[in-house]
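> I'd like to ask some things about the structure below.
The values are calculated or read from the model by the stated rules, or taken from the named source; none is laboratory data. What you are looking at is a predicted structure, and each value in this text was computed from that prediction instead of being measured. Because the Cβ atoms are built from the backbone with ideal geometry, glycine has one as well, and the counts that use them run over all protein chains shown.
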Protein chains: 2
Amino acid sequence: MSRIMRGVRSFSTAASALLADASADATRSARQPLAFQIFRDVPELRQLRRQIIRNDRTLGFVPTMGALHEGHLALIREAAKENTDVFVSIYVNPTQFGVNEDLSSYPRTWDSDMAKLEKLNEELETSSAGTGRITAIFAPTSKVMYPTLPPSSEIDGHGSFVTITPLARKLEGVSRPVFFRGVATVCMKLFNATSPDRVYFGQKDVQQTVIIKRMVKDFLMDTEVRIVPTARECDGLALSSRNVYLGSRRRNIGLTLYKALTAGANAYQAGKSSRDDILGAARSLAECVLAEQCTLAPNLRALYEVDYISLADPESLEELDCVDPKRGAVLSTAFKMAPLEETNPGEDCGLGDGKVPVRLIDNFILQPRE
Amino acid sequence: MSRIMRGVRSFSTAASALLADASADATRSARQPLAFQIFRDVPELRQLRRQIIRNDRTLGFVPTMGALHEGHLALIREAAKENTDVFVSIYVNPTQFGVNEDLSSYPRTWDSDMAKLEKLNEELETSSAGTGRITAIFAPTSKVMYPTLPPSSEIDGHGSFVTITPLARKLEGVSRPVFFRGVATVCMKLFNATSPDRVYFGQKDVQQTVIIKRMVKDFLMDTEVRIVPTARECDGLALSSRNVYLGSRRRNIGLTLYKALTAGANAYQAGKSSRDDILGAARSLAECVLAEQCTLAPNLRALYEVDYISLADPESLEELDCVDPKRGAVLSTAFKMAPLEETNPGEDCGLGDGKVPVRLIDNFILQPRE
């Protein structure tokens with residue numbers, strides 16, 4: 001059976017499929033992938049959602065742009081701990097990419113995404129941590145998500161948008177002016193399509209978490225925003241769908257974000273509160289690593305530009321001169337990893353052969369001290 | 001008991017009040033005002049809403065800014081025909097008034113509004129037309145509606161907004177650039193607070209109906225938008241909360257909007273389709289009446305300025321050179337009624353003694369011919 005539901009299955013079919021899945025659980029072998037339904041349009045998804053409400057089940061929703069990695073799976077695991085049903089959306093949202101940004105090169109990995117989700121459902125089935133599992137994937141077309149006008153990535157383009165200022169203009173918004181308008185707009189639509197009890201976002205995109213919490217509060221939306229800690233490699237590198245473009249040389253130097261944040265957070269842990277002390281520690285680490293790289297030959301080094309290192313209020317994202325010990329702060333950074341200047345035979349240069357510039361972001365929450 | 005619920009009543013109280021109302025219906029005397037609950041905040045309202053869902057009842061929602069007239073009551077009657085429960089909101093939304101507009105002078109008539117709603121509930125109780133009645137009034141504070149930032153009426157002001165362009169910039173949007181941003185934003189919040197099965201808007205604010213339908217479609221909102229024909233005086237004047245400022249002289253001349261639209265619609269009914277023919281008929285009527293007024297003495301005349309007379313597509317609101325007989329058109333107009341130049345002893349000059357300029361709007365739908 002095709003995984004794609006083309007919007008013609010009736011509710012009763014959808015409901016019976018849900019029930020069939022549930023009753024088959026006991027007898028399903030460990031190897032058999034656990035079924036979830038895939039929806040391309042809203043009405044059928046909504047029917048399943050209503051059935052979940054009627055059965056006093058709960059829904060956790062995890063919006064993604066596909067290219068799933070352990071970070072996404074961590075969100076889904078958390079959602080499955082706290083809800084009986086988990087909906088995952090996979091939609092690469094055009095309106096959050098600027099006209100010169102990487103929409104076309106954003107990784108699209110449908111088959112491996114599905115394999116990961118099926119495997120995760122097997123894990124959830126045997127896990128003792130929670131009772132939930134993935135029951136629906138929502139993979140809409142752009143015509144479903146933007147039914148009237150073609151989605152615009154122009155800052156003054158026409159369309160139906162959610163704007164959240166001044167939050168959306170800070171940090172990432174400085175270099176990506178349409179980004180959070182696109183994110184807020186698509187999340188509003190996805191939340192409306194799924195009516196989740198809880199929505200799950202990763203701490204890694206900290207500005208996104210702040211803006212989504214603000215959107216839910218300001219628009220009186222009936223859902224709870226849950227933030228899950230950033231998933232990291234063993235050495236600390238934050239997982240990102242864009243990491244596949246790094247290759248090993250840039251990946252190693254990309255760890256500098258984590259090291260710089262650690263230096264800043266250590267200063268805070270040691271009792272410092274001032275912007276100069278905390279950001280100074282982070283900046284000097286980032287500068288040291290770059291200076292070191294500059295001394296190396298072009299086929300050995302990886303260069304980067306620090307876009308920003310920020311110390312900001314956790315709710316307003318206003319830059320801070322000094323951390324209020326009652327509120328704590330967000331310490332965040334963005335680096336632009338330059339394309340490799342020269343590559344070596346047999347070198348792992350990542351998807352795109354090291355030619356794709358990669359923008360990396362990361363952050364630490366400096367918890368309140370009082 | 002105070003009508004105002006201050007957000008402390010628990011759900012069980014709210015639910016039992018709902019049930020008590022229902023069971024008391026049979027024995028209630030015709031004179032006794034039928035109770036509805038009044039909510040100032042969202043959580044308790046949401047609990048009542050959930051109870052309505054659990055009981056397989058349906059909710060119609062009528063958003064208003066108070067100053068209720070027969071037009072609003074017509075919306076509520078329609079909502080009560082199609083739903084078991086009707087929520088009415090009363091909130092004068094600051095973000096839809098420009099900085100120089102009439103927010104402060106917008107009529108606020110809480111006690112008479114409540115009296116009208118209680119009387120309407122009596123009527124609904126004895127009516128054979130439908131089963132529904134008003135079960136809740138939502139009268140939020142601005143802090144509830146705009147929880148984070150003070151609401152901004154500046155076009156570039158900060159806040160969390162819904163923008164719907166280019167629709168919001170046409171017709172009324174030309175002279176009121178923040179108006180539909182404010183309307184869409186507050187309606188999004190109100191819909192999220194109430195989760196209605198159906199929402200009710202009057203045909204009179206035609207651009208508002210087009211924008212709300214667009215918002216519901218584009219943001220994948222789970223509600224049905226119902227449009228109710230414009231309520232009119234016997235002679236055709238469209239009801240409006242602002243009519244109280246007219247007084248009898250301006251009221252009579254204000255009827256010119258209706259007459260001009262009638263002239264245009266008659267041209268269409270007579271088989272004309274071109275902009276020149278339809279708008280020409282409307283314009284020439286408006287010009288005739290004004291020329292006639294200009295010949296009268298200042299204490300006898302009422303002057304006005306025609307802001308626009310428009311012939312536009314029913315969905316895009318793009319101006320039309322010719323009506324597509326398959327789509328029909330919206331024929332709409334706005335007049336600015338000037339303050340009276342001189343008044344006479346004992347003359348009924350309306351609220352504000354004829355000094356308040358009054359902007360009137362009206363429209364006819366030219367139905368498709370095929």
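> I need a count of the residues in the range B:40-90 that are hydrophobic (A, V, I, L, M, F, W, C) and in a loop (DSSP other than H, G, I, E, B). Steps first, please.
Of the residues in the range B:40-90, the ones hydrophobic (A, V, I, L, M, F, W, C) are B:42, B:45, B:48, B:52-53, B:59, B:61-62, B:65, B:67-68, B:73-76, B:79-80, B:86-88, B:90.
Filter once more, so that each one left must be in a loop (DSSP other than H, G, I, E, B): B:65, B:67-68.
Count: 3.
> Counting just the residues of the range A:202-220 that are facing chain B (nearest Cβ under 7 Å) and assigned to a helix (DSSP H, G or I), which one comes out nearest to residue A:90 (Cα to Cα)? Break it down stepwise before answering.
Within the range A:202-220, the first condition is being facing chain B (nearest Cβ under 7 Å), and the residues that meet it are A:214-215, A:217-220.
Cutting the leftovers down to assigned to a helix (DSSP H, G or I) gives us A:214-215, A:217-218.
Working: A:214: 23, A:215: 21, A:217: 25, A:218: 26 Å.
So, considering only residues that are facing chain B (nearest Cβ under 7 Å) and assigned to a helix (DSSP H, G or I), the one nearest to residue A:90 (Cα to Cα) is A:215.
> Is there any pair with a first residue in the range B:89-109 that is over 14 Å from residue B:157 (Cβ atoms) and a second that is at pLDDT below 80 whose Cβ atoms are under 8 Å apart and which are 6 or more apart or on different chains, and what are they?
B:92/B:106
> All but one of (1) buried (at least 21 other Cβ atoms within 10 Å of the Cβ); (2) within 17 Å of residue A:276 (Cα to Cα) hold for residue A:313; state the number of the condition that does not hold.
Residue A:313 satisfies every listed condition except (1).
> Run residue A:113 past the list (1) in contact with a strand residue (DSSP E or B) (Cβ under 7 Å, 6 or more places away or on another chain); (2) charged (D, E, K, R); (3) closer than 29 Å to residue B:181 by Cα and report the number of the one that doesn't hold.
Against the list (1) in contact with a strand residue (DSSP E or B) (Cβ under 7 Å, 6 or more places away or on another chain); (2) charged (D, E, K, R); (3) closer than 29 Å to residue B:181 by Cα, residue A:113 comes up short only on (3).
> Quick one: which residue in A:260, A:184, A:238 is on the phi < 0 side of the Ramachandran plot, within 14 Å of another protein chain (Cβ to nearest Cβ) and among the aliphatic types (A, V, I, L, M)? Break it down stepwise before answering.
Details: A:260 fails: within 14 Å of another protein chain (Cβ to nearest Cβ); A:238 fails: within 14 Å of another protein chain (Cβ to nearest Cβ).
Of A:260, A:184, A:238, the one residue that is on the phi < 0 side of the Ramachandran plot, within 14 Å of another protein chain (Cβ to nearest Cβ) and among the aliphatic types (A, V, I, L, M) is A:184.
> Answer yes or no as to whether residue A:254 is outside the structural domain of residue A:140 (by TED's automatic domain parsing), out of contact with any Asp or Glu (no Cβ under 7 Å at 6 or more places or on another chain), modelled with pLDDT of 95 or more and not aromatic (Phe, Trp, Tyr). Please lay out each step first, then the result.
Numbers: outside the structural domain of residue A:140 (by TED's automatic domain parsing): yes; out of contact with any Asp or Glu (no Cβ under 7 Å at 6 or more places or on another chain): yes; modelled with pLDDT of 95 or more: yes; not aromatic (Phe, Trp, Tyr): yes.
Here the answer is yes, as residue A:254 does meet what is asked.
> Let me ask another. For the range B:316-364, enumerate the residues that are surrounded by 14 or more Cβ atoms within 10 Å (Cβ to Cβ), among the acidic types (Asp, Glu) and not in a strand (DSSP E or B).
Passing the criteria: B:324, B:347.
> Looking at this structure, is residue B:228 away from every other protein chain (no Cβ under 14 Å) and among the aliphatic types (A, V, I, L, M)?
Values: away from every other protein chain (no Cβ under 14 Å): yes; among the aliphatic types (A, V, I, L, M): yes.
Yes.
> Checking the structure you have, find out if any residue of the range B:143-158 is surrounded by fewer than 20 Cβ atoms within 10 Å (Cβ to Cβ), within 17 Å of the chain's Cα centre (by Cα) and of a type in the set (A, V, I, L, M, F, W, C).
no
> Could you identify the single residue in B:52, B:134, B:76, B:90 that is more than 23 Å from residue B:230 (Cα to Cα) and among the aliphatic types (A, V, I, L, M)? Spell out the reasoning first.
Details: B:134 fails: more than 23 Å from residue B:230 (Cα to Cα); B:76 fails: more than 23 Å from residue B:230 (Cα to Cα); B:90 fails: more than 23 Å from residue B:230 (Cα to Cα).
From the options B:52, B:134, B:76, B:90, the qualifying one is B:52.
> Okay, moving on. Can you pull out every residue in the range A:191-201 that is surrounded by 23 or more Cβ atoms within 10 Å (Cβ to Cβ) and either touching a Lys or Arg at 6+ places or on another chain (Cβ under 6 Å) or not in a loop (DSSP other than H, G, I, E, B) (or both)? Reasoning before the result, please.
Our first condition is that a residue be surrounded by 23 or more Cβ atoms within 10 Å (Cβ to Cβ); within the range A:191-201, this holds for A:191, A:193-194, A:196, A:199-200.
Selection gives A:191, A:193, A:194, A:199, A:200.
> In addition: Looking at A:97, A:61 in this structure, which one is buried (at least 17 other Cβ atoms within 10 Å of the Cβ) and modelled with pLDDT of 95 or more?
Of the residues listed, the single one that is buried (at least 17 other Cβ atoms within 10 Å of the Cβ) and modelled with pLDDT of 95 or more is A:61.
> Another one. For residues that are touching a strand residue (DSSP E or B) at 6+ places or on another chain (Cβ under 9 Å) and of a type in the set (D, E, K, R), tally how many sit in the range A:215-243.
6
> For the range A:297-310, state whether one or more residues are under 27 Å from the mean Cα position of the chain (by Cα) and of a type in the set (Gly, Ala, Ser). Outline the logic, then answer.
So the first thing to find is which residues in the range A:297-310 are under 27 Å from the mean Cα position of the chain (by Cα), and the list is A:302-310.
This time we only want the ones that are of a type in the set (Gly, Ala, Ser), so: A:302, A:310.
Yes; the residues of the range A:297-310 include at least one that is under 27 Å from the mean Cα position of the chain (by Cα) and of a type in the set (Gly, Ala, Ser).
> Follow-up. Considering every residue within the range B:288-309, establish whether at least one is surrounded by fewer than 20 Cβ atoms within 10 Å (Cβ to Cβ), among the aromatic types (Phe, Trp, Tyr) and assigned by TED's automatic domain parsing to the domain that holds residue B:325.
Yes, because at least one residue in the range B:288-309 is surrounded by fewer than 20 Cβ atoms within 10 Å (Cβ to Cβ), among the aromatic types (Phe, Trp, Tyr) and assigned by TED's automatic domain parsing to the domain that holds residue B:325.
> Output the residues belonging to the range B:122-140 that are modelled with pLDDT of 95 or more and closer than 29 Å to residue B:351 by Cβ.
B:134, B:137, B:138, B:139, B:140
> Here's something else I'd like to know. Step by step: first the residues of the range B:23-58, then only those that are touching a helix residue (DSSP H, G or I) at 6+ places or on another chain (Cβ under 6 Å) and over 28 Å from residue A:56 (Cα atoms), then the one that is modelled with the highest pLDDT. Which residue is that?
Here the residue is B:35.
> Right, something else. Suppose we keep only residues that are under 12 Å from residue B:183 (Cα atoms) and modelled with pLDDT of 95 or more within the range B:152-169. Which one would you say is farthest from the other protein chains (Cβ to nearest Cβ)? It would help to see each step written out before you state the result.
First, the residues of the range B:152-169 that are under 12 Å from residue B:183 (Cα atoms): B:153, B:161-164, B:168.
Adding the requirement that they be modelled with pLDDT of 95 or more leaves B:161-164, B:168.
Numbers: B:161: 5, B:162: 6, B:163: 5, B:164: 5, B:168: 10 Å.
Once the filter is applied, the top-ranked residue is B:168.
> Taking the stated definitions as given, is residue A:115 more than 14 Å from chain B (Cβ to nearest Cβ) and surrounded by 16 or more Cβ atoms within 10 Å (Cβ to Cβ)? Reasoning before the result, please.
Details: more than 14 Å from chain B (Cβ to nearest Cβ): yes; surrounded by 16 or more Cβ atoms within 10 Å (Cβ to Cβ): no.
Against the criterion (more than 14 Å from chain B (Cβ to nearest Cβ) and surrounded by 16 or more Cβ atoms within 10 Å (Cβ to Cβ)), residue A:115 does not qualify.
> Here's something else I'd like to know. Looking at (1) of a type in the set (A, V, I, L, M, F, W, C); (2) over 25 Å from residue A:174 (Cβ atoms); (3) touching an Asp or Glu at 6+ places or on another chain (Cβ under 6 Å), find the lone condition where residue A:334 falls short.
Only one criterion is unmet by residue A:334, namely (2).
> Could you tell me whether the range B:266-284 includes any residue that is more than 27 Å from residue B:210 (Cα to Cα) and loosely packed, with under 14 Cβ neighbours inside 10 Å?
Of the range B:266-284, the ones more than 27 Å from residue B:210 (Cα to Cα) are B:284.
Still in the running and loosely packed, with under 14 Cβ neighbours inside 10 Å: B:284.
Yes, the range B:266-284 contains a residue that is more than 27 Å from residue B:210 (Cα to Cα) and loosely packed, with under 14 Cβ neighbours inside 10 Å.
> Within the range A:139-151, which residues are within 11 Å of chain B (Cβ to nearest Cβ) and closer than 16 Å to residue A:187 by Cα?
Start the filter on the range A:139-151 by keeping residues that are within 11 Å of chain B (Cβ to nearest Cβ), which leaves A:140, A:144-149, A:151.
Matches in the range A:139-151: A:140, A:144, A:145, A:146, A:147, A:151.
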